[in-house]
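Worksheet for the structure shown next.
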Amino acid sequence: APEIGEPPSQEQADEELFEFFDIKPDAKTKVPPPPKPPTEGGNQTLSLGERNNNLGNLKAIAYYQGSKPVLSKFTINQPGYQGYDDRGFAIFDTVENGIAAQERLLTRNYSGKTIAQIVPRYTKGDPEKTQRAYMKYLAGQLGLGVNDIPRDIAALAAAMRRFETGGT
């Protein structure tokens, strides 16, 4: 595996993405049209995660085959999943279902990993500067170093939701 700060090869990145979203590279998933966010026409001062009842900002679109989105089997099979927004983020029927999906994802895919291992994978595609700030924020919130393993998934998830929704 590459060292922190060293970019993975395209093959490694693709492999991690497929593992992360529990999909096969040749997966063919029927893509429903995205529903309108639950608060459309309502309070636009809410964060994206708040509007989508998805405070962890889980993605519904895993990757694209050409111009066709392929959905994350993990996310779309979560209780309360309603669809996705125009940026590919999942929309849940309730905040509670969105939180439960995030905690299941963290338990399933991130248990036993350090903050420095979790953040780049969870925020794949975000600028490195944002990822470093995210790591520092989580470490501070949890009283850990970035190379420590968070043992309390609920506390980790709550800190991540605060960062994701701007409730820092």
(message) Starting from the 7 Å offset along Cα-to-Cβ, what nm value, one decimal, do you get for the label separation of ALA133 and ARG108?
(response) 3.0 nm
(request) Can you list which of the trypsin sites (Lys or Arg not before Pro) found in the stretch 59-168 are DSSP loop residues with at most 16 other C-beta atoms within 10 Å? (result) ARG87, LYS113, LYS124, ARG151
(message) Please report the accessible area of SER111 (heavy atoms, 1.4 Å probe, ligands and nucleic acids excluded) in Å², nearest 10.
(response) 70 Å²
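The values are calculated or read from the model by the stated rules, or taken from the named source; none is laboratory data. Bear in mind that the values here come from a model prediction, so they are computed numbers and not experimental data. In this analysis, Cβ positions are derived from the backbone assuming ideal geometry, glycine residues included, and neighbour counts consider all displayed protein chains. What goes into the accessible areas is simple: the full protein's heavy atoms, side chains included, and nothing from ligands, DNA or RNA. Shrake-Rupley method; radii C 1.70, N 1.55, O 1.52, S 1.80 Å.
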